[in-house]
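Colleague: Can you keep this structure in mind? I'll have questions shortly.
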Amino acid sequence: MEFVDTPLSDVVLYLQDFHKINIAFDHKTLDKAGIRTDKQVTRTLKGVTLQSALRLILRELGMTYVIGDEVLLLTTVEEGEERLITKSYEVGDLVVVRDENNRLWADYRTLIDVVTPAIAPTSWEEVGGPASIHGATFGNAKLLVVSQTAEVHEKVARLLEDLMGEVRKAPGDGQPPLRTRSSDPHGARGGLKHGHAGDRQ
């Protein structure tokens, strides 16, 4: 992609046509913040994903994007930080451990304590932020349920993928690791042990 003094609205039209996706401006929020959609963009980007390209272009304009209702919505950074998306991640490989009696249990707390300080540390509800993270067991499924912004979800997904890769590479006897049971095994704010999975995005 190469843009030279191109209005942002034209950049968006190009991306929308090229990638065959719906992209819209959050005009009300942008107008309130005094951000114009005809700002000039000068950027040359090569070998990057659409997500990375958008982030690089929008960041200079004080904007970001959120995803909802099958539309990629361009809005202010402040508005983007307030729009949380709830997703669940299968994390059985990362949380299933054994106790001293060789019984299996799901240690979500340890995983959550890895994720929350590493990614957007001030955004989580435990430190007064709007985002949440919980462990949830539904039958054999071990899920990490996260309510966060779209950008943070991308980082969470990458971190979990990296952790799973390390676990699968690590030498061992094929048995889950031994770990003393936590007083809060299901993670932040109590989590869920049984119930319905609810809506997933």
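Laboratory data are not the source of any read-out in this text; all were calculated from the coordinates shown. None of the values given here were measured: they were computed from a predicted structure. So basically every Cβ, Gly included, is an ideal-geometry build from the backbone, and we count neighbours across all protein chains shown.
Colleague: Based solely on its DSSP helices, what 222 nm [θ] is calculated for the chain when runs of n ≥ 4 H residues each add -39,500 (n - 2.57) and the sum is averaged over all residues, nearest 500 deg cm²/dmol? Walk me through the intermediate numbers first.
Modeller: On the way: 7 runs with 70 residues, N = 201.
It lands at -10000 deg cm²/dmol.
Colleague: Kindly give Rg over Rh for region 9-164, based on alpha-carbon atoms, with the Kirkwood expression for the hydrodynamic radius.
Modeller: Here the Rg-to-Rh quotient is 1.06.
Colleague: Quick one: helix 108-118 against the long Cα principal axis of the chain, what's the angle to the nearest 10°, folded into 0 to 90?
Modeller: So the inclination is approximately 30 degrees.
Colleague: Given the options Thr37, Leu72, Leu54, identify the residue whose Cα lies farthest towards the positive end of the charge dipole of region 2-82 (+1 on Cβ of Lys, Arg; -1 on Cβ of Asp, Glu).
Modeller: Leu54
Colleague: If you line up the long axis of helix 150-169 against the longest principal axis of the chain, both from Cα atoms, how many degrees apart are they, to the nearest 10?
Modeller: Here the helix axis deviates by roughly 40 degrees.
Colleague: For the chain, what relative contact order do you get, as a whole percent, if you take Cα pairs closer than 8 Å and at least 6 residues apart?
Modeller: 21
Colleague: Another question, then. Using all Cα-Cα distances in region 85-159, what percent lands in each 10 angstrom bin from 0 up to the longest?
Modeller: Calculated over all Cα pairs of region 85-159, the distribution is 18, 52, 23, 6, 0 percent.
Colleague: Please give every one of the lysines within straight-line cross-link reach of Lys46, meaning a C-alpha to C-alpha distance under 25 Å, and leave out same-chain neighbours fewer than 8 residues apart.
Modeller: Correct list for Lys46: Lys20, Lys155.
Colleague: If you don't mind, another one. Of the DSSP beta bridges with both residues in region 85-190, give the percent that are antiparallel, rounding to the nearest 5.
Modeller: In region 85-190, approximately 90 percent of DSSP beta bridges are antiparallel ones.
Colleague: Still on this structure, please answer the following. Count neighbours as other Cβ atoms within 10 Å of each site's Cβ, and list the trypsin sites (Lys or Arg not before Pro) in region 76-165 that are DSSP loop with at most 14 such neighbours.
Modeller: Arg103
Colleague: Rounded, prolate or oblate: pick one for region 46-88, where a ≥ b ≥ c are the square roots of the eigenvalues of its C-alpha gyration tensor, a/c under 1.5 means rounded, and failing that, prolate if a/b is larger than b/c, else oblate. Can you show the working numbers first?
Modeller: Values: a/c = 2.13, a/b = 1.30, b/c = 1.64.
Oblate shape, in that a/c is at least 1.5 and b/c is the bigger or equal ratio.
Colleague: On alpha-carbon atoms, Rg over Rh for region 10-86 using Kirkwood Rh? The partial results should precede the final answer.
Modeller: On the way: Rg = 12.1 Å, Rh = 13.0 Å.
On the Cα set of region 10-86, Rg over Rh gives 0.93.
Colleague: I've got another one for you. Starting from the Cα of Thr86, step 7 Å along the direction of its Cβ; do the same at Arg43; then give the gap between the two resulting points in nm.
Modeller: Each label point lies 7 Å from its Cα, and together they span 3.2 nm.
Colleague: Ok, one more. Taking the Cα centre of the chain as origin, work out the dipole magnitude from +1 charges on Lys and Arg Cβ and -1 charges on Asp and Glu Cβ, in debye rounded to 20.
Modeller: Taking the Cα centre of the chain as origin, the dipole is about 440 debye.
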